[in-house]
1. Holding the Cα-Cα limit at 30 Å, pick out from LYS43/LYS69; LYS76/LYS102; LYS42/LYS73; LYS39/LYS62 the pairs that are longer than that.
2. Just to verify a number: FRET efficiency for LYS35 and LYS102, C-beta to C-beta distance, R0 = 41 Å, to 0.05?
3. With a point put 7 Å past each Cα toward its Cβ, work out how far ARG48 is from ILE10 in nm, to one decimal.
4. Using a simple spin-label model with points 7 Å from Cα along the Cα→Cβ vector, what separation in nm is obtained for PHE94 and ARG74?
5. If you take every residue apart from GLN67 with its C-beta less than 10 Å away from the C-beta of GLN67, what net charge results, scoring Lys and Arg +1 and Asp and Glu -1?
6. Just to check I understand the Karplus step: with θ = phi - 60° and J = 6.51 cos²θ - 1.76 cosθ + 1.60, what whole-Hz values come out for segment 55-71, glycine and proline as x?
Amino acid sequence: MTQRKNTLRIIILLPLVFFFSANAFAQNEKKVKTKKQYKEFKKLQEDRKEEDDDARAKGIAKHEKLQTKETRKRMKQNKKKMKRIRKDKNSKSFFGRLFTKKPR
């Protein structure tokens, strides 16, 4: 009698084991596909960023080429000044601060 119960349990549990193992395999396959899609997405995003950066640099160069010599000089000075301000340094250089009159 106990032998029949054991074989009956095996017959009932065997399809369940196959079902769950197949389900787990399918989920693992989905994870692999998702990781692959994520990598492709990241690569595409980096390519677009590089293209945007190149286009931006070309646009800036073209814009600077269209300006007169005096304007380019002012642009260069302003660029240096802004770089100093962003670094939390003084907006004027040492000699600029030394030779300017201070308001009273």
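1. LYS43/LYS69; LYS42/LYS73; LYS39/LYS62
2. Numbers: r = 63 Å, r/R0 = 1.53.
So the FRET efficiency works out to roughly 0.05.
3. 5.8
4. The modelled label-to-label distance comes out at 3.0 nm.
5. Values: positive: LYS65, LYS69, ARG72, LYS73, ARG74; negative: GLU64, GLU70.
My count for the surroundings of GLN67 gives +3.
6. Per-residue couplings from phi come out as 5, 5, 5, 5, x, 5, 4, 5, 4, 5, 5, 6, 7, 6, 4, 5, 5 Hz.
Since every read-out is calculated from the coordinates, none of them should be taken as a lab result. The structure presented is a predicted model; accordingly, all values stated were derived computationally and were not measured. In this analysis, Cβ positions are derived from the backbone assuming ideal geometry, glycine residues included, and neighbour counts consider all displayed protein chains.
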